[in-house]
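For reference, the structure is listed below as structure tokens.
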Amino acid sequence: MSHVSRLALALPDSQLFWLGLAGAAFVLFVFTVLFVVQRYKRCPSNRILVIFGKVGKQQAAHCIHGGGAFVWPLIQDYDYLSLEPMVIEIPLEGALSLNNIRVNVPSTFTVGIGTDPVLMNNAAERLLGLGESKIRDQAQDIILGQLRLVIATLSIEEINKDREKFMSLINANVGEEVNKIGLELINVNIRDITDESGYIDAIGKRAAAEAVNRAKVEVAEQEKEGATGEAVAVREQTVSVARERASGVEGQKDAEQKQRIAVAALEAQAVEGEVTSRRNIEITKAQREAEIRAASKVAEQEQRVKVAESEALAKEGENTSAARVAESNAKLAQIQAEAHQRAAVASAHAEQSILQAQREQELARLGKEQLAPQEIEKQRIEIAAEAEAEKRRREARGEADAILMRYEAEAEGLRRVLEAKAQGYRQLVEGLADPSVVPTLLMIEKLPEIVAEQVKAISGVKIDKVTVWDGGRGGDGKTTRGATADFLSGLIGALPAVHDLAEQAGVELPAALGRLAEASANGREEPHGA
């Protein structure tokens, strides 16, 4: 038994009680802190913390996104669900459409576990503990079934033309189904739509032919409008010429009417002159004849002027009509040229669209047959490498945490031992009447270890006999005892005092130092070796 144990036995019971209570409280506090630290789990932003076990009534699991929670031992446990998106290739081939034509719709779907409370609970119930490959297989089966169902409700024309309706139906049906297992649809990418019978290509050719026919119809419409305009111009020309000719005849008739009126007036004046004066009949007749001739010349002059003016107006009308006809012909030629140009451009665009569609189809076929397997193998290798790296990182992190906790526990134990020794030494010093004997007590405590080390030093040496050579002289040259005898004499003389001091301190000496026998007849204590 050590001196600390002896000292503890010497302390009063009340002090021992409070000392033990303080130690127990300290140990309980440390255990509580370590327990709380180990059982409080934090949730990173790219994961969902799922606590299962006894989490509440009518609830299989408690899901947390962000933050943390305390996990009770024995009745609860935890696991994580990853929120990283998964890209799923859907090589759909031979899906039957509404008009019984099988189509190929290779596409790519991006899905991930949702953070909505309902979706998190669904994922915890159906996906917890499953690997990414199994989750991907489940989602792929669901997507394939729903994609075939959507295609079965649409015709080839609706799938090819109304892409917005097609995508909305895919998002609605696929999203609703994957939500049942806790996934949500992030993105849909339809790479191409083809069919084995060539119906979609025929639709494209038909659209190109319709565009060419529309162009031809537009050209014919423009030609018809040009011919109609030409006919209208000719008609206007004819009407204008006839109008001008009628105006000329009308002017001629007007001139003749005026001439007859003038002649009748002159005749009336002549008759009146004959009645008034027969005498001047000849003179008046001559004057009247002169006046008649003058009036006739004036009438002829006025007639010629009117005819010339009518001819000038008619010529001007003819020239204006000819100019309009020429302008209409020029516009017609321009419109025909533009229509022919638009028809040629539309035909070229249609041919370019057909070639572009064929090129995209060939690229999609090459990507499906050659690039898709390589991309899938590449993604599989990357995923496996990432999983192996994550495994190694977690193992290294766990080993580091274990080593750190072991060193912390050893340091804590060493610190408690040193504190307990310091407290014992302090109490030992306070309990001794003479503090100067403390170093002797410490030396006595270490004496068994020193003797054990010395015994180890010679334990491997084979000694049959020990011979001591001594000259028989003392250190001063006068005594007859040698140095060995003096050493043994001093050691034996000091043993009683050492045994007394060890007995007072409660220390048990090793057997190699002997023991104290009963007093002999002459009153001396003889030491006996072990």
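If you go through region 191-214 one residue at a time, how many are of a type outside the set (A, V, I, L, M), outside any helix (DSSP H, G or I) and either at pLDDT 75 or above or touching a Pro at 6+ places or on another chain (Cβ under 9 Å) (or both)? Qualifying residue count, region 191-214: 5. Among the conditions (1) under 30 Å from Gln237 (Cα atoms); (2) out of contact with any helix residue (DSSP H, G or I) (no Cβ under 9 Å at 6 or more places or on another chain), Arg293 misses just one, which is (1).
Inside region 23-69, residues that are over 17 Å from Met120 (Cβ atoms) and either of a type in the set (Phe, Trp, Tyr) or assigned to a helix (DSSP H, G or I) (or both) make up a count of 18. Among the residues of region 154-177, some residue qualifies, meaning at least one is within 21 Å of the chain's Cα centre (by Cα), under 23 Å from Ile48 (Cα atoms) and among the small types (Gly, Ala, Ser). Scanning region 145-159 for residues that are in contact (Cβ under 8 Å) with a residue 40 or more places away in the chain and farther than 16 Å from Asn100 by Cβ gives a single hit, Leu147. Being within 30 Å of Ser240 (Cα to Cα), modelled with pLDDT of 75 or more and part of a helix (DSSP H, G or I) is a description that applies to Val305. Counting the residues of region 90-131 that are more than 16 Å from Val50 (Cβ to Cβ) and outside any strand (DSSP E or B) gives 5.
If you check Gln423, Gln358 for being of a type in the set (S, T, N, Q), closer than 30 Å to Glu445 by Cα and either outside the structural domain of Gln222 (by TED's automatic domain parsing) or modelled with pLDDT of 75 or more (or both), only one passes: Gln423. Restricting region 235-259 to residues that are among the acidic types (Asp, Glu) and closer than 16 Å to Ala322 by Cβ, the residue that is nearest to the chain's Cα centre (by Cα) is Glu236. Within region 229-250, residues that are modelled with pLDDT of 75 or more reach no partner that is not in a helix (DSSP H, G or I) with beta carbons closer than 8 Å at six or more positions or on different chains. Filtering region 177-203 to residues that are closer than 28 Å to Thr110 by Cβ, among the charged types (D, E, K, R) and surrounded by 14 or more Cβ atoms within 10 Å (Cβ to Cβ) leaves Glu177, Glu184, Arg191, Asp192, Asp195. For region 103-114, the candidate set comprises residues that are surrounded by 15 or more Cβ atoms within 10 Å (Cβ to Cβ) and of a type outside the set (Gly, Ala, Ser); within that set, the residue that is farthest from Ile64 (Cα to Cα) is Val103.
The values are calculated or read from the model by the stated rules, or taken from the named source; none is laboratory data. Just so we're clear, the structure is a prediction, and the values are computed from it rather than from any experiment. With ideal geometry, Cβ positions are generated from the backbone for all residues, glycine too; neighbour counts draw on all protein chains shown.
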